[in-house]
Amino acid sequence: MPDYLNMISSLGIAGAHPGGLQLTKQFLTEINLPFPCRILDAGCGTGQTLSYLAGLGYEAAGMDADQRMVRKAKNRLSDDSVSIVHGSLELMPFESGTFDAVFCESVLSFTNLKSSLNECHRILTDGGVLAAVEVTLEQPADPVSFKEITGFYGFQALQTEDEWIKQFEISGFKNIRSMTGKDFSFDEEDPDHDVDMDDKIEPATFEVLSRHQEMLQKYVHCLGYRVFLANK
Amino acid sequence: MSQNYYNMCCQHHGKNVRITDRFGNVHTGRIVNVTRSRVFIQPNGPRPRGAFGMGYYGRGYGYNSYFPAYGIGLGFITGFAVGSLLFF
């Protein structure tokens with residue numbers, strides 16, 4: 001696992017995607033899901049989004065490729081009403097057409113896009129919606145910078161908005177919409193990244209957090225994000 | 001766990017955080033100082049009732065000094081949340 005993802009997992013940082021839970025709440029109103037409806041949070045982390053969805057009465061399920069995250073999510077959702085499984089986006093342990101919606105909150109970028117998008121498409125019902133919050137490249141990066149960013153974060157995909165849209169099309173998605181953070185209104189200062197830390201944390205983990213903060217400053221003009229919505 | 005919270009507080013110096021303590025208080029504000037035993041935050045709103053620790057004015061830190069900062073014992077922290085930091 002890349003050091004960055006290990007840091008997120010070890011500190012148990014919730015809502016570890018651009019915009020955090022606030023953005024999740026905003027795009028949820030945008031997609032206007034039917035009710036009831038089955039939602040998979042693919043790459044659920046510590047289960048913050050799952051907890052919110054379950055609270056709204058949706059039939060929510062979670063999956064994460066990291067066992068430690070699965071444990072922390074189960075800890076948060078202690079009443080067993082939400083099923084949380086261990087699994088990878090590239091080969092998901094669900095039958096075709098199981099979910100009306102799949103959420104990927106800063107997850108696809110860390111996977112083999114071709115495989116994970118095909119899997120997202122497969123497990124959705126016809127007309128089902130994919131909602132993805134993912135990092136975007138906002139201006140061309142020189143090869144050294146590109147390598148530094150992808151190496152540090154462990155991104156398998158770091159691409160522009162247009163390249164993302166093309167990828168969704170290739171995997172058979174239709175009605176693809178793309179939004180920036182500016183299309184929503186939320187208070188970025190509001191603390192919503194709660195933490196669920198391991199008992200013992202290596203000092204190196206906090207160094208990775210520092211490095212992440214330095215990387216954000218260094219590449220502030222290069223890195224952005226989009227909310228992508230698409231239908232099967 | 002105190003050591004973990006100490007490290008988290010140092011990492012988020014100057015940032016907006018929400019801290020819950022074992023007495024059920026919720027403290028929201030900006031971290032203005034961290035010592036080995038306490039984190040000092042300057043609240044965005046009135047200081048919560050029943051909060052403890054010595055008054056610590058935010059003057060000199062470049063923040064609005066209307067609300068005094070106050071210390072929270074690291075050993076009393078039960079929850080921590082941070083805003084204004086982008087994660088991927």
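The values are calculated or read from the model by the stated rules, or taken from the named source; none is laboratory data. Everything numeric in this text was worked out from a predicted model, so none of it was measured. Virtual Cβ from ideal backbone geometry, glycine too; neighbours counted across all protein chains shown.
Brief remarks on what is shown
- Filter result for residue A:198 (within 19 Å of residue A:4 (Cα to Cα) and part of a strand (DSSP E or B)): no
- On the stretch given as the stretch B:62-88, residues that are more than 14 Å from chain A (Cβ to nearest Cβ), crowded, with 17+ Cβ neighbours inside 10 Å and modelled with pLDDT under 90 total 2.
- In the stretch A:157-173, residue nearest to the other protein chains (Cβ to nearest Cβ) [restricted to those that are exposed (fewer than 15 other Cβ atoms within 10 Å of the Cβ) and touching a helix residue (DSSP H, G or I) at 6+ places or on another chain (Cβ under 9 Å)]: A:170
- All positions within the stretch A:1-57 that are in contact with a helix residue (DSSP H, G or I) (Cβ under 6 Å, 6 or more places away or on another chain), charged (D, E, K, R) and assigned to a helix (DSSP H, G or I): A:3
- Some residue of the stretch A:150-164 being among the aliphatic types (A, V, I, L, M), closer than 25 Å to residue B:81 by Cα and not in a helix (DSSP H, G or I): no
- Some residue of the stretch A:119-134 being over 22 Å from residue A:53 (Cβ atoms), crowded, with 16+ Cβ neighbours inside 10 Å and not hydroxyl-bearing (Ser, Thr, Tyr): no
- Members of the stretch A:70-99 found to be over 25 Å from residue A:193 (Cβ atoms), in a loop (DSSP other than H, G, I, E, B) and of a type in the set (A, V, I, L, M, F, W, C), listed by number: A:92, A:94
- Test: residue A:79 is touching a residue at least 40 places away in the same chain (Cβ under 8 Å) and surrounded by fewer than 23 Cβ atoms within 10 Å (Cβ to Cβ): no
- Failed item in (1) within 22 Å of residue A:209 (Cα to Cα); (2) within 14 Å of another protein chain (Cβ to nearest Cβ); (3) crowded, with 17+ Cβ neighbours inside 10 Å; (4) not basic (Lys, Arg), with residue A:2 passing the rest: (3)
- Test: residue in the stretch A:187-203 that is touching a residue at least 40 places away in the same chain (Cβ under 8 Å), away from chain B (no Cβ under 11 Å) and not β-branched (Val, Ile, Thr): no
- If the condition is being in a helix (DSSP H, G or I) and either crowded, with 23+ Cβ neighbours inside 10 Å or not basic (Lys, Arg) (or both), then the stretch A:100-118 contributes A:108, A:109, A:110, A:113, A:115, A:116, A:117, A:118.
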